[in-house]
1. Of the residues that sit in the stretch 1-16 and are out of contact with any helix residue (DSSP H, G or I) (no Cβ under 7 Å at 6 or more places or on another chain) and surrounded by fewer than 24 Cβ atoms within 10 Å (Cβ to Cβ), which one is nearest to residue 199 (Cα to Cα)?
2. Suppose we filter 79, 59, 19 for residues that are in contact (Cβ under 8 Å) with a residue 40 or more places away in the chain and touching a strand residue (DSSP E or B) at 6+ places or on another chain (Cβ under 6 Å); which single one remains?
3. Would you please list the contacts, defined by Cβ atoms under 9 Å and residues six or more apart or on different chains, that run from a residue in the stretch 133-146 that is more than 16 Å from residue 212 (Cα to Cα) to a residue that is at pLDDT below 95 and assigned to a helix (DSSP H, G or I)?
4. Whether any residue in the stretch 122-144 is within 13 Å of the chain's Cα centre (by Cα), at pLDDT below 90, under 23 Å from residue 200 (Cα atoms) and surrounded by 19 or more Cβ atoms within 10 Å (Cβ to Cβ) is what I want to check.
5. What number goes with the only condition from (1) buried (at least 18 other Cβ atoms within 10 Å of the Cβ); (2) under 18 Å from the mean Cα position of the chain (by Cα); (3) more than 17 Å from residue 106 (Cβ to Cβ) that residue 82 does not pass?
6. With the checklist (1) surrounded by 17 or more Cβ atoms within 10 Å (Cβ to Cβ); (2) in a loop (DSSP other than H, G, I, E, B) in hand, flag the one item residue 227 doesn't pass.
7. Applying the selection to the stretch 31-56, what residues are touching a strand residue (DSSP E or B) at 6+ places or on another chain (Cβ under 6 Å) and either farther than 10 Å from residue 7 by Cβ or part of a strand (DSSP E or B) (or both)?
8. Across the stretch 166-196, which residue is surrounded by the most Cβ atoms within 10 Å (Cβ to Cβ) among those that are under 16 Å from residue 117 (Cβ atoms) and touching a helix residue (DSSP H, G or I) at 6+ places or on another chain (Cβ under 7 Å)?
């Protein structure tokens, strides 16, 4: 990927950092925007002006974009406590920013460009009190196939839906939390980064508009009381 340019939102930690590190190892030039202070473009992707300044900075420095990874993390709050402003903020970070940054950079996509949107397995399943996050991630998944159609011939657009990914550095989750996963472990940020690299490569040249779930099989596991060690205790 030497000579290629990757743009990553929320790239300072967790999954975003793992993706940024993976592209750097492949010798791509990487531009990051994150709300946390650091050696990258510091900005809030929920703000139109910050996205515009970031896009202008990317083009001024690199002139074109080969890979865009929309990864910034929406707020997770539930219907009991989530305010109008918080719900709107979650959608702004997850959905509006994904749309608008893609729109801003679209005129500068290089031939063979790839856009990857980070959704979540929560785009198809939920826990209680997660409405703001779940709505944003579901919106990302739907926005992906719409963009794939609109950007046909300009860029391939796909999304990745991670399941349980442990983003705490160096930790290894064992016991029931790992055993419940059909693959026997909790996911790592590198699992998502590997798919991002693949989707941006020529090997994925016939894939667009897809949402690829990387969750150790959890969304395929049917759970019934009394089976396979599961028991319902009420709540």
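1. Here the answer is 4.
2. The unique qualifying residue is 19.
3. Filtered contacts from the stretch 133-146: 133/122; 134/122; 134/123.
4. Looking for residues that are within 13 Å of the chain's Cα centre (by Cα), at pLDDT below 90, under 23 Å from residue 200 (Cα atoms) and surrounded by 19 or more Cβ atoms within 10 Å (Cβ to Cβ), one finds at least one in the stretch 122-144, hence yes.
5. Going through the list (1) buried (at least 18 other Cβ atoms within 10 Å of the Cβ); (2) under 18 Å from the mean Cα position of the chain (by Cα); (3) more than 17 Å from residue 106 (Cβ to Cβ), residue 82 breaks only (2).
6. Looking at each condition in turn, residue 227 falls short on (1).
7. Once the filter is applied, which keeps residues that are touching a strand residue (DSSP E or B) at 6+ places or on another chain (Cβ under 6 Å) and either farther than 10 Å from residue 7 by Cβ or part of a strand (DSSP E or B) (or both), the stretch 31-56 yields 31, 32, 33, 40, 41, 43, 45.
8. That would be 192.
The values are calculated or read from the model by the stated rules, or taken from the named source; none is laboratory data. Keep in mind it's a predicted model, so treat the numbers as computed, not measured. For neighbour counting, all protein chains shown are included, and Cβ atoms are generated from backbone atoms with ideal geometry for every residue, glycine included.
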